[in-house]
Ligand code: PMP
């Protein structure tokens, strides 16, 4: 091996760039990362306090993961043997890619798709067939059906980040049934949408559905994701691929507490759906914006030539949203998370002051 291989490898990895996190703006109204502020800080404090009482962090969390999986199983009404967990769904996706994909396997996905997933594919040199969204930010199922023969893995975030688009249930089910390779359906925002495909795993051996407590439960900082898949995959993933102790004791115990109080999550989702509609309808009133329908806890809109001005004006008002820029023919895309009623009102008022 040549002497400089290590430097060369670092050079190659550095050139990939990595996942773009949002700017850190102190004390802002944070509508840039699809977090869930409708779930109160008090809810978080309560579950963390209970978790502290049942935790002894001198010990590795032996047996904890199994109890957590038992809770997820009750919550989803799916067998424990079909459920695995990870340090955020990011880690689950990464471990699936690093163990089941390679430079020799092709992944079929959309353009755009979840940014971290795409970055990971670049890191591992995995070729992508990425089907672009139409001008009205929709995907055409026939494009996927046509390309499915050329791919080994199908990855779709459903709903999609950043567009908020989701195929109809029947369309997505048909696509999955016709696909012979591995199918990964990322339902990070599934609870905000109209359906979930977890149940389909029972009849579909090549399907992995990935979900997370980051969005619906408002526990992004906890880093807890899970998946539903056939028993053989789940077994191999949890016993061979996954780290021996993938999440902390506090995460295990807090996750159990949160799942016991899942009614709080359901109430928050109802609020978010109402607020999502309000944001879409209000933004639609401005001719300068093109607003896209969303099934997730965020709304994508094209502010065309004025997107940088809108973004900066909001930052000046202490409001942080996500500046995305070009998506297909849409040059000025911005994505705003659906926050609490108060947060959304601040955002909408700032827009009115700027454009009204
Ligand atoms: N999938 C999608 C589509 C996402 O947008 C995100 C969060 N940005 C994730 C997965 C990862 O979520 P987490 O690691 O917090 O579970």
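The values are calculated or read from the model by the stated rules, or taken from the named source; none is laboratory data. Source: prediction; values computed, not measured. All Cβ positions, glycine included, derive from the backbone under ideal geometry; neighbour counts span all protein chains shown.
Take the conditions within 16 Å of the ligand (Cβ to nearest atom), closer than 27 Å to residue 336 by Cα and buried (at least 16 other Cβ atoms within 10 Å of the Cβ) and apply them to residue 21. Does it pass? Outline the logic, then answer.
Working: within 16 Å of the ligand (Cβ to nearest atom): yes; closer than 27 Å to residue 336 by Cα: yes; buried (at least 16 other Cβ atoms within 10 Å of the Cβ): no.
No; evaluated as a whole, the condition is false for this residue.
Here is a yes/no grid of residues against (1) assigned by TED's automatic domain parsing to the domain that holds residue 321; (2) in a helix (DSSP H, G or I); (3) more than 30 Å from residue 347 (Cα to Cα):
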position: 1; (1), (2), (3): no, no, yes
position: 10; (1), (2), (3): no, yes, yes
position: 26; (1), (2), (3): yes, no, no
position: 36; (1), (2), (3): yes, no, no
position: 52; (1), (2), (3): no, yes, yes
position: 56; (1), (2), (3): no, no, yes
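What is the number of the single condition among (1) touching a residue at least 60 places away in the same chain (Cβ under 8 Å); (2) out of contact with any helix residue (DSSP H, G or I) (no Cβ under 7 Å at 6 or more places or on another chain) that residue 353 does not meet?
Just one mismatch for residue 353, condition (1).
So which residues in segment 208-238 are assigned to a helix (DSSP H, G or I) and within 15 Å of the ligand (Cβ to nearest atom)?
Those that are assigned to a helix (DSSP H, G or I) and within 15 Å of the ligand (Cβ to nearest atom): 220, 221, 222.
Mind checking which pairs have a first residue in segment 106-122 that is farther than 15 Å from residue 138 by Cβ and a second that is within 11 Å of the ligand (Cβ to nearest atom) and part of a helix (DSSP H, G or I), Cβ under 6 Å, 6 or more apart or different chains?
116/90; 117/93; 120/94
Test of understanding: among 273, 266, which residue is free of Cβ contacts under 8 Å to residues at least 24 places away in the same chain, more than 16 Å from the ligand (Cβ to nearest atom) and within 23 Å of residue 337 (Cα to Cα)?
Just a single option satisfies the conditions, and that option is 266.
Looking at this structure, is residue 256 in contact (Cβ under 8 Å) with a residue 24 or more places away in the chain, in contact with a helix residue (DSSP H, G or I) (Cβ under 8 Å, 6 or more places away or on another chain) and not in a helix (DSSP H, G or I)?
When the stated conditions are applied, residue 256 does not pass them.
Table: residues versus (1) within 24 Å of the chain's Cα centre (by Cα); (2) outside the structural domain of residue 221 (by TED's automatic domain parsing); (3) modelled with pLDDT of 95 or more; (4) over 28 Å from residue 338 (Cα atoms).
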| site | (1), (2), (3), (4) |
| --- | --- |
| 64 | no, no, no, yes |
| 69 | yes, no, yes, yes |
| 72 | yes, no, yes, no |
| 77 | yes, no, yes, yes |
| 81 | yes, no, yes, yes |
| 84 | yes, no, yes, yes |
| 90 | yes, no, yes, no |
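Return the pairs, sorted by first residue and then second, in which the second residue is more than 12 Å from the ligand (Cβ to nearest atom), the first residue lies in segment 204-224 and is free of Cβ contacts under 8 Å to residues at least 12 places away in the same chain, the beta carbons are less than 6 Å apart, and the residues are 6+ apart or on different chains.
none
Give the residue that is nearest to residue 325 (Cα to Cα), with candidates limited to residues of segment 24-52 that are more than 16 Å from the ligand (Cβ to nearest atom) and in contact with a strand residue (DSSP E or B) (Cβ under 7 Å, 6 or more places away or on another chain).
25
Would you check which residues across segment 239-253 are in a helix (DSSP H, G or I) and in contact with a helix residue (DSSP H, G or I) (Cβ under 8 Å, 6 or more places away or on another chain) and list them?
If the condition is that a residue be in a helix (DSSP H, G or I) and in contact with a helix residue (DSSP H, G or I) (Cβ under 8 Å, 6 or more places away or on another chain), then 241, 249, 250, 251, 252, 253 are the ones that fit.
Enumerate the strands (runs of 3 or more DSSP E) found wholly within segment 106-207, keeping only those where 3 or more residues are away from the ligand (no atom under 16 Å from the Cβ) and not assigned by TED's automatic domain parsing to the domain that holds residue 297.
128-132
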